[in-house]
Each structure stands twice: as structure tokens, then as C-alpha cells.
Amino acid sequence: MEHGQQEQVIKAVQYREVGSDPVVVDVPEPEAGAGQVVLDVLAAGLCHSDIAVMGWPAEQVPFALPLTLGHEGVGRVAQLGDGVEGVAVGDVVAVYGPWGCGRCRTCAQGQEQICERAAAEGIRPPGLGRDGALAERLLVDDARHLVPLDGLDPVEAAPLTDAGLTPYHAVKTALPRLTPGSTAVVIGVGGLGHVAVQILKALTSARVVALDVDEDSLDLARTVGADEVLRSDEKAAAKIREMTDGRGAQGVFDFVGAPPTVQLAHDAAGTGADVAVVGIGGGALPVEFGRIAYDAAVRAPYWGSRSELVEVLDLARAGAISLHVERYGIDEAPAAYARLHEGKVRGRAVVVPG
């Protein structure tokens, strides 16, 4: 920087020290290097994964702090590095979050969320290891991570990059089980769960049963199309068995992942069921002959592929899915995280930096 030239700064929401609350700070404005893109952030979603990361003890934090949070982002292209093709300044794009090496077998299939080289090469998603979208500007390492928004509302679209993509990936994998006459159970109708209900209604003819402990969340489940709603308690599995004539559900999607909900998923699963434990609430589901329904499959889905993100955005354009969002300014982000942690956010919290 030349003498007398003042460094340009932007606002960002950072997790700065282990055990601390997120704060709004000034950070240097990013510059696009060769092959990189800088976005003016239009919207960034808040996620329970962020809360989990900020709750880890020091020995479990696998990256350096401070860290700019936010792994759900939409922005307008502001700057292109040398050699960038496929996007232009002014384009409005969604950011595919689970970055990989771009060269291995799974990346070649668009499944960067399970990149074979990411761990070895220290590649981490924005907001979950490298500076993320909760800032006025975001540095993206490659244009392949950008998907055109094509008219979608940026605020409603930002959470689709995770809260839409993750349940879509979970449901799409389970589609062979969700035939006419089947039952799908969604446990936890929060940011991801209320989208899962809509995806199930859009992609399958299964009866969708939504469970939660909160009445507002159950009302949201009804609003977005659930066929049945149940309070998530010790009686829920028996009620699911009763409404399925003893067969149980063919698809169970647990978006909480706590010990009680994982047990509920186990108890509700019928023969040949697909059980997806998506939430990160610390629960574990043992798989052993005789302890779970015959021929049941248990998975722990992680995000989704780039092509699946394109499909999610297509579903949103078609009006098949939409997100209930609460909007916050960037200075309100710490308070929004507090609301999220306290379970007071209905749907998804989204920060609009501008």
C-alpha cells in the first residue's frame, strides 16, 4: 500500500475467541487474486452449525480464529481476478458452500461436499474454517462455486444454499423408498425441517408427518404442507406406528439429532426405511441386527452437490419451496445468533449487510 493510502475496511461478523460471543468488527476489504471473485454480499443465513462451532472447546476447533462467520451467502459480483470466466461484474449469484479441491473423483462429479482431498489440503467452507458471508464483501476462491440466482429474492435464496440443499440431498437419496402409500417423518420443523416438508411434498406422494416440541413450529409445518403434525414426545413413535397400521415410516429425517430424537427416529422407522440423521445434537443411532428395523439404512447426510443446489434453486423458482425468514441488519447479527441459540427464530434468520 502506497504511503498515505488508507486501507479500505468492511464490516464483518466474527467469532474471535473460543467461548466468546460473535461480534461486529471492521476487517480489511478482500481483493480478488488470480481465479478469484469478490462479491458484495446481499444476504447471509445464520445456521445452528455456527452455534455448534462456537460451542466447541479449544482442542476441538480445527481452524484459526478470528473467523468471519456465514456459510449461506448470496451476492453481486463486484470484482474478478485474472483468468476468471463464466461470471461478470454485476451478476447476482448464490454461493455453493462446501468447497473441495475441484480435481478429485468426487469433485469431478460435483460432490465437493465429500471431496477426497479437502482435509489433506486444508480446504474448508466459507464461515466454517475460512472467512464467510457474514460481511459486506466475500472472497470466493473459484467461479465454479457460483450459481446464478436468475430472479430469486436474495434474502429468501441465501438459506437455500444449506437449509435448502441439505434436506434436498437427504430426501433425494431416499426417493426410492418414498413410493405411493409410504410415510415420511420430519423431526424438527426449524430452518431445515420446514424446507424438508416442502421438498417431500414436491418430490414424492408420501404422507408427510412433521414433529416438533414447539407449537409455533408445528403451525409452520401445517402452513408449508405437512399432512399430519405430532408433538415430539415419548408417545410420538407409537402414534406413527398406529397411523401406518403398524408398518412404521419408510423415510425418517431427524433435523435435531439429539439423543431423544434419534431414539424416536429409530422407533418410527419401518422395514426397509431410510433414516437420515441430519441434526448435530449429539445423538447416536446404533445399527445392529435385531436393534433396528430389517433392511433399514441409516445415513448422516452432509450438505449436497453443486448440481443439487441448481435443482433446489429451480424448485424455488417454480414456487415449490420457499423459506420463512427473519431479516436482520449486520449490526443486529449477534442478537440474531442469540435468538437462534434460544430457539426463538421461526424458520431461518438472514442478515442483510447493506
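Of all residues in the stretch 85-137, exactly one satisfies the criterion of being aliphatic (A, V, I, L, M), loosely packed, with under 14 Cβ neighbours inside 10 Å and under 22 Å from MET54 (Cα atoms), namely ALA119. For the stretch 21-70, the set of residues classified as in contact (Cβ under 8 Å) with a residue 12 or more places away in the chain, surrounded by fewer than 18 Cβ atoms within 10 Å (Cβ to Cβ), more than 17 Å from the chain's Cα centre (by Cα) and over 23 Å from ASP142 (Cβ atoms) consists of ASP21, VAL23, VAL24, VAL25, ASP26, TRP56, PRO57, ALA58, VAL61, LEU65, PRO66, listed by residue number. So which residues in the stretch 208-232 are open to solvent by 30 Å² or more (accessible area, probe 1.4 Å) and of a type in the set (Asp, Glu)? Listed by number, the residues that qualify are ASP214, GLU215, ASP216, ASP219, ASP227, GLU228. Restricting GLY354, GLY319 to those that are small (Gly, Ala, Ser) and in contact (Cβ under 8 Å) with a residue 12 or more places away in the chain reduces the list to GLY354.
Restricting the stretch 254-270 to residues that are of a type in the set (Gly, Ala, Ser) and within 11 Å of LEU285 (Cα to Cα), which is surrounded by the fewest Cβ atoms within 10 Å (Cβ to Cβ)? Outline the logic, then answer.
We begin by selecting, within the stretch 254-270, every residue of a type in the set (Gly, Ala, Ser); these are 257-258, 265, 268-270.
Next, only the ones that are within 11 Å of LEU285 (Cα to Cα) stay: 257-258, 265.
Numbers: GLY257: 22, ALA258: 16, ALA265: 28.
If we take residues in the stretch 254-270 being of a type in the set (Gly, Ala, Ser) and within 11 Å of LEU285 (Cα to Cα), then ALA258 is surrounded by the fewest Cβ atoms within 10 Å (Cβ to Cβ).
Within the stretch 156-179, residues that are farther than 21 Å from GLU72 by Cα sit with their Cβ atoms under 7 Å from residues that are modelled with pLDDT of 95 or more and among the β-branched types (Val, Ile, Thr), at 6+ positions apart or across chains, in these pairs: LEU175/THR204; LEU178/THR204. Put simply, of ALA296, ALA318, ALA273, ALA300 the only residue that is under 15 Å from the mean Cα position of the chain (by Cα), within 28 Å of LEU218 (Cβ to Cβ) and aliphatic (A, V, I, L, M) is ALA300.
The condition of being under 20 Å from VAL213 (Cα atoms) and not in a loop (DSSP other than H, G, I, E, B) holds for only one of VAL256, VAL252, that being VAL252.
Filter the stretch 51-84 down to the residues that are acidic (Asp, Glu) and modelled with pLDDT of 95 or more and list them by number.
So in the stretch 51-84, the residues acidic (Asp, Glu) come out as 59, 72, 82.
Answer for the stretch 51-84, where residues must be acidic (Asp, Glu) and modelled with pLDDT of 95 or more: GLU72, ASP82.
From ASP131, ASP142, ASP212, ASP219, which residue is out of contact with any Ser or Thr (no Cβ under 6 Å at 6 or more places or on another chain), charged (D, E, K, R) and either under 30 Å from ARG76 (Cβ atoms) or in contact (Cβ under 8 Å) with a residue 12 or more places away in the chain (or both)?
Details: ASP131 fails: out of contact with any Ser or Thr (no Cβ under 6 Å at 6 or more places or on another chain); ASP212 fails: out of contact with any Ser or Thr (no Cβ under 6 Å at 6 or more places or on another chain); ASP219 fails: either under 30 Å from ARG76 (Cβ atoms) or in contact (Cβ under 8 Å) with a residue 12 or more places away in the chain (or both).
Of ASP131, ASP142, ASP212, ASP219, the one residue that is out of contact with any Ser or Thr (no Cβ under 6 Å at 6 or more places or on another chain), charged (D, E, K, R) and either under 30 Å from ARG76 (Cβ atoms) or in contact (Cβ under 8 Å) with a residue 12 or more places away in the chain (or both) is ASP142.
If only residues of the stretch 286-325 that are in a loop (DSSP other than H, G, I, E, B) and open to solvent by less than 30 Å² (accessible area, probe 1.4 Å) are counted, the one that is farthest from ILE187 (Cα to Cα) is SER305.
Conditions (1) hydrophobic (A, V, I, L, M, F, W, C); (2) closer than 16 Å to GLY132 by Cβ, marked per residue:
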{"residue": "PRO28", "(1), (2)": "no, yes"}
{"residue": "LEU39", "(1), (2)": "yes, yes"}
{"residue": "GLY45", "(1), (2)": "no, yes"}
{"residue": "SER49", "(1), (2)": "no, yes"}
{"residue": "PRO57", "(1), (2)": "no, no"}
{"residue": "GLY73", "(1), (2)": "no, yes"}
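The values are calculated or read from the model by the stated rules, or taken from the named source; none is laboratory data. Remember, predicted model here, so these are calculated numbers, not experimental data. FYI the Cβ positions are ideal-geometry reconstructions off the backbone, even for glycines, and counts take in every protein chain you see. Quick note on the areas: whole protein, heavy atoms, side chains included, nothing else; ligands and nucleic acids left out. Shrake-Rupley method; radii C 1.70, N 1.55, O 1.52, S 1.80 Å.
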